[in-house]
Each structure stands twice: as C-alpha cells, then as structure tokens.
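The values are calculated or read from the model by the stated rules, or taken from the named source; none is laboratory data. Bear in mind that the values here come from a model prediction, so they are computed numbers and not experimental data. Here Cβ is always computed from backbone atoms with ideal geometry, including for glycine, and neighbour counts include all displayed protein chains.
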C-alpha cells in the first residue's frame, strides 16, 4: 500500500486529482445552499467528473497534436487517459458520502459537511506530502499544507459571503 501511495505521489496524477478535488468542492458548495436529494448530488458529481475528464482528454490530445504536428501515439493516449481519470476521481470522490446518504447511513447535512471538509483535507494532504517529498521540515510541510488548503478555504469563505 505504501509503495502504491509513493508511486502516486511521484506521478503527474497528483496535480490532476487536486484540480478535480477543487472542482468537486465547488460543485458541493454550489448545491449546499439549496440542497437537492442525495442522489441528485451523486449524479451531479459523476456528470461533472465525466465532463471535466472528457474536456481534459480532448484538450490534451488537441494540444499534443498541435505541438508535435503528429497524431497522438497510443502510448501517450493511455497516459492522457490516466490523467483524465485522475481528474474524474478528484471530482467524483465526494459522491461516496452522498451514496451513504442515499443508503440512509447518514443525513444529507452530514454528507455535505464531510464532502466539504474532506475535499479541503485532501488538498492540504497533497500540499503536506509534496513538501515532505521535497525535503521540507515538518513545520514547513504543515505551512505548505495550510497554504494549499487555503484554496478550498477561500472557496468556502466566498460561498459563505455570497449566501
């Protein structure tokens, strides 16, 4: 398990998961003020994950072909697909909490709270892990984690100001 986590942290997928987590957090925040049924939130997150992943896939293919003046090689297409899947994972991850709400295992308000704060925690975790892998001190890692989490906190604060 540790080897899989380290391999993930050394990949380009980290940026894509963070990007997706920020989008997922935005979807959650938009729906929180006038919450739809839990199943609608699940569908919204999954539809957003698919749309963003397809946009990533398409834009990366077009950019690669424009830059290289060649069709995208099958191997590179697999890499681009894996990066798009990482974005989709980041966006769709909070759907797990709403699936639990659909099943009656938690209240809808609890699902929103967990989805919101787990997204913030995930963004902060990646900031901490990146600093640690770069050789920063524990205090430096905490600082970077807090700085990274500020992105999510700014979204949450902006939503609070608007509503």
- When the range 133-163 is examined, which residues are found to be within 13 Å of residue 25 (Cβ to Cβ), more than 17 Å from the chain's Cα centre (by Cα) and exposed (fewer than 12 other Cβ atoms within 10 Å of the Cβ)? 157
- Query: Is there a residue being under 25 Å from residue 108 (Cα atoms), buried (at least 17 other Cβ atoms within 10 Å of the Cβ) and at pLDDT below 95 anywhere in the range 43-55?
  - Reply: no
- Looking at this structure, is residue 88 in contact with a helix residue (DSSP H, G or I) (Cβ under 7 Å, 6 or more places away or on another chain), over 24 Å from residue 7 (Cβ atoms), in a helix (DSSP H, G or I) and in contact (Cβ under 8 Å) with a residue 60 or more places away in the chain? no
- Within the range 12-36, tally of residues that are assigned to a loop (DSSP other than H, G, I, E, B), in contact with a helix residue (DSSP H, G or I) (Cβ under 8 Å, 6 or more places away or on another chain) and either without any contact (Cβ under 8 Å) to a residue 12 or more places away in the chain or more than 26 Å from residue 162 (Cβ to Cβ) (or both): 2
- Item | Residue match in the range 72-92 (condition: under 21 Å from residue 110 (Cβ atoms) and at pLDDT 95 or above) | yes
- Message: Any residue in the range 47-70 that is at negative phi sitting within a Cβ distance under 7 Å of a residue that is loosely packed, with under 12 Cβ neighbours inside 10 Å? List the pairs, counting only those 6 or more apart or interchain.
- Response: 65/71
